[in-house]
Amino acid sequence: MQKKSFVIRIDPGKLSAIEKWASDEFRSTNGQIEWILDQALRRSGRLQTKKESKKEDNDEK
């Protein structure tokens, strides 16, 4: 999977909390932010799971 880089501006207090959370879960800060975004997108129904994506691909054939 190719990843795209971008700059993010974040409140220092929030960043500090994310860094602590990442450390508690043995992740990098970047990995923690990706995990948080992934969870939020899945809960909102805006990100398909791999299973859903494969099913749609098979349905089109």
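The values are calculated or read from the model by the stated rules, or taken from the named source; none is laboratory data. Since this is a predicted model, take the numbers as computed values, not measurements. We place every Cβ from the backbone using ideal geometry, glycine too, and count neighbours over all the protein chains shown.
Contact annotation: residue pairs with Cβ atoms under 7 Å, 6 or more positions apart or on different chains, pairing a residue in the stretch 1-21 that is outside any loop (DSSP other than H, G, I, E, B) and of a type outside the set (Phe, Trp, Tyr) with a partner that is surrounded by 10 or more Cβ atoms within 10 Å (Cβ to Cβ) and at pLDDT 95 or above, are Ile18/Thr29; Ile18/Gln32; Ile18/Ile33; Glu19/Thr29.
Considering only residues of the stretch 29-61 that are at pLDDT 95 or above and touching a helix residue (DSSP H, G or I) at 6+ places or on another chain (Cβ under 6 Å), which is surrounded by the fewest Cβ atoms within 10 Å (Cβ to Cβ)? Once the filter is applied, the top-ranked residue is Thr29.
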